[in-house]
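A quick write-up on the structure given underneath.
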Amino acid sequence: MKKVIFFLVFIIILFAGVAFLSNMQKEKAVEGNLYEKEDLEPETMEILDDPNYQNIIVPDALEEKLKTEEDVTVYFFSSNCVYCKQTTPELMPLAEELDVSIDQYNLWEFEEGWDKYNIDSTPTIVQYKNGEEVGRINGYKEPEVFRQWLEEYSVSK
């Protein structure tokens with residue numbers, strides 16, 4: 001009987017330790033993240049260190065840019081979107097090559113953006129000039145299509 005109790009206590013301590021370490025890893029991963037929030041979706045946590053997802057814009061910052069009528073290119077994506085995962089590694093190096101700044105708005109984390117910016121699907125890139133939308137491209141496209149769109153609508157850094 002003592003062996004069974006010892007074994008159960010050992011298992012409980014083991015699971016508690018694993019849960020504690022897992023929680024610490026999660027807290028460390030979200031600490032000081034670009035999203036300015038602590039509770040991130042697992043799919044978002046997976047891309048925190050990805051160099052293609054380092055120009056995140058949060059809702060308040062985007063609103064401020066639009067209010068001050070700043071020209072801005074916004075890439076609306078969702079960290080759980082298959083097409084976004086295909087688009088981002090092609091789009092972001094292309095933007096770098098063209099010297100175009102693209103702010104990345106994660107709709108998986110900031111769902112209010114769907115309605116606020118009239119986003120029907122991801123990925124979607126929207127160009128704002130003087131705070132107003134002047135161009136939009138939806139869905140996955142070949143890199144050359146994105147190149148032409150960025151050259152036509154976007155402003156260099």
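Data overview
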read-out	value
Residue check for Val72: among the hydrophobic types (A, V, I, L, M, F, W, C) and free of Cβ contacts under 8 Å to residues at least 12 places away in the same chain	no
Qualifying residues in the range 40-63 (those that are assigned to a loop (DSSP other than H, G, I, E, B) and β-branched (Val, Ile, Thr)) - the one surrounded by the fewest Cβ atoms within 10 Å (Cβ to Cβ)	Val58
Strands (runs of 3 or more DSSP E) (entirely within the range 64-157) containing at least 1 residues that are open to solvent by 20 Å² or more (accessible area, probe 1.4 Å) and more than 26 Å from Glu38 (Cβ to Cβ)	124-129, 132-138
Residues satisfying the stated conditions in the range 6-39, i.e. modelled with pLDDT of 80 or more, open to solvent by less than 100 Å² (accessible area, probe 1.4 Å) and β-branched (Val, Ile, Thr)	Ile11
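The values are calculated or read from the model by the stated rules, or taken from the named source; none is laboratory data. None of these values were measured; they are calculated from a predicted model. Virtual Cβ from ideal backbone geometry, glycine too; neighbours counted across all protein chains shown. Note: accessible area is taken over every heavy atom of the protein model, side chains too, but ligands, DNA and RNA are not part of it. Shrake-Rupley method; radii C 1.70, N 1.55, O 1.52, S 1.80 Å.
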